[in-house]
1. Give me Thr281, Thr258 sorted ascending by neighbouring Cβ count inside 10 Å, so fewest comes first.
2. Counting only GluC sites (Glu not before Pro) that sit in a DSSP loop (anything but H, G, I, E, B) with at most 16 other Cβ atoms within 10 Å, what is the longest stretch of the chain containing none of them?
3. Only loop residues by DSSP count here, and only those with at most 16 other Cβ atoms within 10 Å; note down the chymotrypsin sites (Phe, Trp or Tyr not before Pro) in region 20-115 that meet that.
4. Compute, for region 58-134, the length of the dipole vector about the Cα centre, with Cβ point charges of +1 (Lys, Arg) and -1 (Asp, Glu) only. Units Debye, rounded to 20.
5. Less than 15 Å Cβ to Cβ from Arg153, Lys/Arg counted +1 and Asp/Glu -1: what total charge do the surrounding residues give?
6. If you keep only loop residues by DSSP, which trypsin sites (Lys or Arg not before Pro) in region 170-272 have at most 16 other Cβ atoms within 10 Å of their Cβ?
7. Which order do Ser78, Ser290, Ser29 fall in if you start with the one that has the fewest other Cβ atoms within 10 Å?
8. First obtain the Kirkwood hydrodynamic radius of region 134-191 from its Cα pairs, then insert it into the Stokes-Einstein equation at 25 °C and 0.890 mPa s, and state the resulting D in µm² per second as a whole number.
Amino acid sequence: MPEPILQVRNLTVHFYTYAGIVKAIEKVSFDVYKGETFALVGETGCGKSVTSRALTQLIESPGRIVEGQVLYYRDDGSVVDLLKLSEEEIRKIRGNEIAYIFQDPHASLDPLYTVGHQIAEAMEVHGKISNIKEGIQKAIQILKSVLIPDPERRVKNYPHELSGGMKQRVVIGIGVSNNPRILIADEPTTALDVTVQAQILELLDKMKREYNATIILITHNLGVVAETADRVAVMYAGKIVEIGSVDQIFKNPLHPYTQGLLKAVPNPMTKIEKLEAIPGTVPNLINPPSGCRFHPRCPKAMEVCKQKVPELKEIEPGHFVACHLY
Ligand SMILES: Nc1ncnc2c1ncn2[C@@H]1O[C@H](COP(=O)(O)OP(=O)(O)O)[C@@H](O)[C@H]1O
Ligand SMILES: [Mg+2]
């Protein structure tokens, strides 16, 4: 039996804007198992970043976590609800046991400090080193592990002296600097060239093995998922619509939205060449569609889809879908 490291239940986040209440994510539930790479996939605006940030209460005003639990299984077997922790308590976990890598490496690094200093600082905040000098020595080791050539020299570089791909390696280095149990990578390759993307994904895999971490990989690109992930959750308009193993999702996608996403990327498992985008766009989440939020774009929509919100149901072991077809 896989052991859970996170159990997310009914996670709901709203943004209270002047235009109205944005129901960014609604009753999102999923498990993440120890040691796996769990992918969260969906088009831009579906709620992936909000979900991942809410896991450690990283939601800023006008947003609020209005409901939910994030059960976190510690190494000693104890369980805590991360949403119940005080700001001080969650700060000890965030960036330490649970670390983030964000999409844009330029925005993640401070232009005023050397990369060595920034890696050292990340460790110092969590008391992992006693002074910056010791931190720089460790930073050199980390730069080596993220495969930055000539780390003794690079540690003294400022971000602007590095390419986009090298910067993202540094950001990953900061992410792993405190030996996290969970590494959340939010579109880690989206801002990078295609050739660099594959290297960064390989690097994440290397980090997972070296640091024995669990990875939550967020991407709008299902193509990225096939080679990297063990399991996949598909999100649409703030809801999880399907969860399964990579095999289940790619060989037997159940939700029409997942089927649509798969038609839009080269599928390594079916080798279908012709790519089709899903017609329409992700709805505004102030007034999301009634019933199944996908129904206005769904080629298989029925009357019930407008009326009733479909619940996630287990169709085969480990394969869940929220769709009235099943
Ligand atoms: N600060 C904010 N204020 C208002 N709405 C927001 C804010 N941040 C995110 N949202 C809304 O929440 C929804 C989900 O956004 P997000 O999680 O960023 O999507 P994704 O990461 O899948 O592209 C979107 O409708 C977005 O407009
Ligand atoms: Mg995002």
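Every read-out reported here was derived from the displayed coordinates using simple, explicitly stated rules and does not represent laboratory data. Quick caveat, the model's predicted, so the values are computed rather than measured. Counting neighbours? That spans all protein chains shown, and the Cβs are built from the backbone with ideal geometry, glycine included.
1. Working: Thr281 11, Thr258 24.
By the 10 Å Cβ count, ascending: Thr281, Thr258.
2. With GluC sites (Glu not before Pro) excluded where exposed in loops, the chain gives 61-272 as its longest stretch.
3. Tyr113
4. In total the dipole reaches around 40 debye.
5. +1
6. Here the trypsin sites (Lys or Arg not before Pro) that fit, given the DSSP loop and packing criteria, are Lys271.
7. Details: Ser78 8, Ser290 13, Ser29 17.
In order of increasing Cβ crowding within 10 Å: Ser78, Ser290, Ser29.
8. On the way: Rh = 11.9 Å.
Result for D is 206 µm²/s.
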